[in-house]
Amino acid sequence: MRCLLVVPVALTLFAFAPGAVAEIWDCDLAEQGTRHGYVPERTTLQIFDDGSGILVSDEITGQVSDRPILGRIASQSGPRVSLHWEVYGLKSATRQYLPKVMYRAGLRRDTGGIAVLVQAAGFSEIFRGAGRCERR
């Protein structure tokens, strides 16, 4: 499965226009409730100003790829931006294979506040995290 991820991620690095500039945000997150390990403690988000997408890198994406994972800008309204990305091929704390884990984040550019929802495909549980981001 790892080889399948490398090709799309490598191709996505070239999908952005050469002139696209990224906002880079370094975020510190805390999982709310019992810690299951699906919310990364620290993540870096690169949001491309031309709306072409985002790149996400953290300890969770690092389990399946040595490159950032491509995501998308779901919506933007004023200072709030909604971001979506998916991670394929993770294993749970009990070593259960998770084919797809979906991440949804709401970032407030004015305050740096971030909220993250995480759900593994086929599971009803939703894990939540919140924290602060700092723009580089």
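Things to note:
- Leading residue by the ranking (surrounded by the most Cβ atoms within 10 Å (Cβ to Cβ)) among those in segment 96-125 that are farther than 18 Å from GLY71 by Cα, at pLDDT below 95 and not small (Gly, Ala, Ser): LEU98
- Residue count for segment 88-108, restricted to those that are free of Cβ contacts under 8 Å to residues at least 60 places away in the same chain and either in a strand (DSSP E or B) or under 17 Å from ARG132 (Cβ atoms) (or both): 11.
- When the criteria are applied in full, LEU55 meets the requirement of being at pLDDT 95 or above, of a type outside the set (Asp, Glu), in a strand (DSSP E or B) and in contact with a Pro (Cβ under 6 Å, 6 or more places away or on another chain).
- Under the condition of being part of a loop (DSSP other than H, G, I, E, B) and either among the aromatic types (Phe, Trp, Tyr) or modelled with pLDDT of 95 or more (or both), the residues counted in segment 19-38 number 1.
- The number of residues in segment 49-59 being within 15 Å of TYR103 (Cα to Cα) and either surrounded by 19 or more Cβ atoms within 10 Å (Cβ to Cβ) or among the acidic types (Asp, Glu) (or both) comes to 6.
- Some residue of segment 60-68 being of a type in the set (Gly, Ala, Ser), in contact (Cβ under 8 Å) with a residue 60 or more places away in the chain and either in a loop (DSSP other than H, G, I, E, B) or exposed (fewer than 12 other Cβ atoms within 10 Å of the Cβ) (or both): yes
- Whichever residue in segment 21-48 is of a type in the set (A, V, I, L, M) and surrounded by 14 or more Cβ atoms within 10 Å (Cβ to Cβ) and, among such residues, is farthest from GLY113 (Cα to Cα): ALA22
- Note on segment 76-87: among residues that are at pLDDT below 95 and in a strand (DSSP E or B), the one that is surrounded by the fewest Cβ atoms within 10 Å (Cβ to Cβ) is SER77.
- Count - residues of segment 109-136 that are assigned to a loop (DSSP other than H, G, I, E, B), among the hydrophobic types (A, V, I, L, M, F, W, C) and within 17 Å of PRO40 (Cα to Cα): 1
The values are calculated or read from the model by the stated rules, or taken from the named source; none is laboratory data. Keep in mind the model is a prediction, meaning the values are calculated, not measured. Note that each Cβ is placed from the backbone with ideal geometry, even for glycine, and that neighbours are counted across all protein chains shown.
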